[in-house]
Every structure is written in structure tokens, then in C-alpha cells.
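To keep things clear, I will list the structure first and then write my remarks on it.
Just so it is clear, none of the values below were taken in a lab; they were calculated from the coordinates. Keep in mind that this is a model prediction, so the values were computed, not measured. Note that each Cβ is placed from the backbone with ideal geometry, even for glycine, and that neighbours are counted across all protein chains shown.
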Amino acid sequence: MDEKILKHLRDWFKENAANLPWRPTDIDAKRDPYAVWISETMLQQTQVSTVKDYFVRWMERFPDIETLAKTSEEEVFRYWQGLGYYSRARNILKTARIVAKAGGKFPQTRKELESLPGIGAYTAGAILSLALHKREAILDGNLVRIFSRFYALDFLPVGKAAETYWEYARMVADSPKAYMHNEALMELGRTICKSKVPECKACPLASGCRAYSDERTEDFPPKKTRVQKEWHGTALVIESADGKILAVSTGQAFLRGQLALPHFETQKNATVGIPPQAERYIDSDRVASVKDCGAFRHGITVHKIECRVLHIKLKYKATKSRFTWVSKDVARDVFANSFSLKALKLALD
Ligand code: SF4
């Protein structure tokens, strides 16, 4: 999301931010970390409309962490009754006692926060971002749904694939206004980019949203978990004696028929020399040199790629064949995929 889109988002939020008991009238104001922690914990698995009254009653009875720390578990449970998932209330009390014992000041780093009972990556990010205005990323179900649609991500944040979603969350948070971007996205997910039918016409992100422009909002996020796939392979930079590079338009599905360098799947630690798969492109008896240029890493949709690059120089000129030969000088303009560009960089720079 570029600054233009983020500005649309901020403007939308300033106009549309709902009046909620844990949200100050001035949406630019810093907040009490205690109140953010309580509201965000209550909101896990519970609707905003339900949480409102619980939050107000809670803050009247336990206005600060010291008061809460001195309360019995039985009484805390009474104020939680009806919200379910009582382990959340039990952890809140444990954490309150730990923080009160340490002087009552809420920790201000992600590491310290995540070491407390019941505070995970999401809640820690929310406390640091919404309360203290730190440039911290958060990722909840609302943001996952928005990122999946906005960037047309056809996989869920499961296992290693979660890192892709966190990267987008960090991009949103890399700004002095991170607190507003995070909260605005949560609100947008709740009110506009809803799971069943998103209201794209009213959405401040619409001008950059891939799912919307492709009319595929119902395809994202995907219903089933698609696990990230690892792909180890080799790409060939085959250079003819007259300075041309061989290109193909067939290969792995992740390049979808684009003009690319020849590539194929190989063992992670492939042996040296010309691989047998290269022989479909070249006459291996007329090779001038073979250089192993190292490997690059790359990510395309669900594919996590690690690719070794071989630069093969031929003794003969480019011939008319079923392959395309591209002049070395313009190769970087002709190959329009970063998979091939990364391989070219390793071989030719
Ligand atoms: S344009 Fe539609 S699908 Fe895209 S983020 Fe906005 S509401 Fe969601």
C-alpha cells in the first residue's frame, strides 16, 4: 500500500471512526496501555457490540493495573462472566500481578510484552501501536482478509506463509502514523471489507485492490489452507558466441508462460557441471565454459524458491530454433519477471 492509498485510509478513518468506549474522541491521542490491553483481549473471539458494556463495567471496577492485581480470581471472573474463554481472564489477572509486582509500569517492548501470560504477537503489537504509537505491525483476522484481497494472496498465513502477511503488516506500520493505519484497517475489515460481501464502492483502498479490480473478491482469502511450497532448481543463462541469451516460454507454473530463462527442478545440493536437463537447449559438446554463479532466493505466490544459476557460454552462434534468443544488451528489458532478472544479475554483473 503506497502513501496515496494510506492517505485515503486515514481520511476515511477520520470521517468514519466509530465511537467506542476504549477509543478516545481524539483519534490521534496516545492511550493507556492498560485499557488497550483489556479491550483487545476482550475483543478476541467476541463481537465489538458485546464487548462495549463489559469494557465499561470492567474499567469502572478495575480502573488500573494495581486495583486489578489486588482482586481475587473469583471477582475477576464475575466481571468476565458471559464473555467465555475464561483462560483470557485468568491470564489477565496473572499478568496484572506480574506487572504490579514489577512497579506497575506496562512493558514497552514486544519481547517483554510477549513474555507475559496471554499476550501474543497481536496483542503486543496493538498495545505498542495503539497505546504508545510505536511503529509496530499487527495482524488480526481483519488485516489478513484485507491483505489477501488487496494483494490477491491465494494462501493463508499458515506456517512459513505467515511471514508474507507480516511483511505487508510491517509495510503499513512503517510510518509515524502506524497507530492510525493499524486501527483503521481493523475498522475497515469490520465494517467495509467484511468476510461475506465487501462494500468495495465505499472502500478507501479500492483504487489499489487487486481482488476488486479483477472482480474476484469472493476468491480471497482462499477457503482452504494452501501451504507454501518449496522449490529448489537451476536456471541457465545460456550465452551464444554472438552475445545472445536463450529464452523459453515454458517452465514452472509459477512463471505462467512468461518469457524466462530455462529452469528446472533439481536437488537442493545439485552436483557441479552441466546438468542433463540442459541438453535439450544446447549441444553440450560445443560448450566454451560453465560457471556456477551461486544461488538466489525468491518468492512467488505460495512458492518459496531457491535457485542456483549456471552461466553457460557456447562456442557457436545463436541459431534459428524453437527457442528465443535475446541480445544480451536488452535482456533485462525483455525478461519481465524477477525470477529471470535475479538470475541474470548473478550471471552477468
Ligand atoms: S476494495 Fe473491496 S475487497 Fe478490496 S480491500 Fe476494499 S472492500 Fe476489501
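How much length, in nm to one decimal, is gained on full extension between Thr50 and Gln267, taken as 0.36 nm per residue of separation minus their Cα-Cα distance?
Details: separation 217, 0.36 × 217 = 78.12 nm, distance 5.42 nm.
Using 0.36 nm per residue and subtracting the Cα-Cα distance, I get 72.7 nm.
Would you mind checking the pairs Lys30/Lys160; Lys52/Lys160; Lys30/Lys111; Lys160/Lys268 and listing those with alpha carbons more than 25 angstrom apart? Display every interim value, and only then the final one.
On the way: Lys30/Lys160 33 Å; Lys52/Lys160 35 Å; Lys30/Lys111 21 Å; Lys160/Lys268 18 Å.
The answer is Lys30/Lys160; Lys52/Lys160.
D for segment 229-348, whole µm²/s, Stokes-Einstein with Kirkwood Rh over alpha-carbon pairs at 20 °C and 1.002 mPa s: what number? Present the calculation step by step, with values, prior to reporting the outcome.
Numbers: Rh = 14.3 Å.
Approximately 150 µm²/s, per Stokes-Einstein.
What spacing in nm lies between the two simple spin-label points modelled at Asn16 and Thr67, each 7 Å away from Cα in the Cβ direction?
About 3.5 nm separates the two model spin labels.
With a point put 7 Å past each Cα toward its Cβ, work out how far Met171 is from Lys194 in nm, to one decimal.
2.8
Quick one: grab Rg to one decimal and Dmax as a whole number for the chain, Cα atoms only, in Å.
26.9, 85
Over the chain, what relative contact order in percent results from Cα pairs under 8 Å that are six or more residues apart?
Taking the mean separation of contacting Cα pairs over the length of the chain, I get 14 percent.
Report, as a whole number in µm² per second, the diffusion coefficient that Stokes-Einstein gives for segment 185-298 at 10 °C and 1.306 mPa s using the Kirkwood radius over alpha carbon pairs. All intermediate terms of the calculation are to be shown ahead of the outcome.
Details: Rh = 18.4 Å.
The diffusion coefficient I find is 86 µm²/s.
Could you state the angle between the C-alpha long axis of helix 178-191 and the longest principal axis of the C-alpha atoms of the chain, as a value from 0 to 90 degrees rounded to the nearest 10?
80
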